[in-house]
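Read the structure below first, then the notes.
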Amino acid sequence: MLYGFGFDKIDTKRLERLKSPVLVIAGGEDTGTTQAAINFLSSTKEAKRPCEMLIYPGADHGYAQPLFNEGKNYNPEAVRTTWVLVEDFLSNALSRGAQPSKALVEIIDKVDHQPLAFLV
């Protein structure tokens, strides 16, 4: 799973090293992150690596963070849906024997030195 920004800048050759599926979730009103998610999906397809994406309509940046932007962006319906999706994704990935990818952690650490990703 990815969280943050800059993940769409990861080189396709480096993505080819991934051994686990990736889940990207963004709020539809968060245009920068949504475009980054679309770019990342394209890169993972080019790298022939599994990636799932949800763009939640009407949700904005930080929709799962009740304290972000004084709670104005918090969207409890989107949070509930996101948790169901994440639990399902993790269950499916782990049942297929997916292991955490050290390659992605290494890749992410080199993108603007930001801790951007959680991956199963």
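Each reported figure results from applying straightforward, stated rules to the coordinates on display, with no laboratory input. These figures come from a predicted structure and were not determined experimentally. Ideal geometry is used to build each Cβ from the backbone, glycine not excepted, and the neighbour counts take in all protein chains shown.
Points worth noting:
- The distance between label points at GLN35 and PHE68 comes to 1.8 nm (points 7 Å beyond Cα on the Cα→Cβ vector).
- Cut-off 10 Å between beta-carbons: net charge of the residues surrounding THR33, Lys and Arg +1, Asp and Glu -1: -4
- The modelled label-to-label distance for the pair ARG17/TRP83, using points 7 Å beyond Cα in the direction of Cβ, is 3.5 nm.
- Net charge contributed by nearby residues that have their C-beta within less than 15 Å of ASN73 (K/R +1, D/E -1): -4
- Exposure proxy order (Cβ contacts within 10 Å, fewest to most) of ILE38, ILE10: ILE38, ILE10
- Mean sequence separation of contacting Cα pairs (under 8 Å, at least six apart), scaled by the length of segment 7-109, corresponds to a relative contact order of 32 percent.
- Going from the fewest other Cβ atoms within 10 Å to the most, the residues LEU67, LEU90 appear in the order LEU67, LEU90.
- Separation of the MET53 and LEU90 label points, Cα + 7 Å toward Cβ, nm: 2.4 nm
- Among ALA93, HIS61, PRO76 - extreme Cα towards positive end, dipole of segment 7-109, charges at beta-carbon: ALA93
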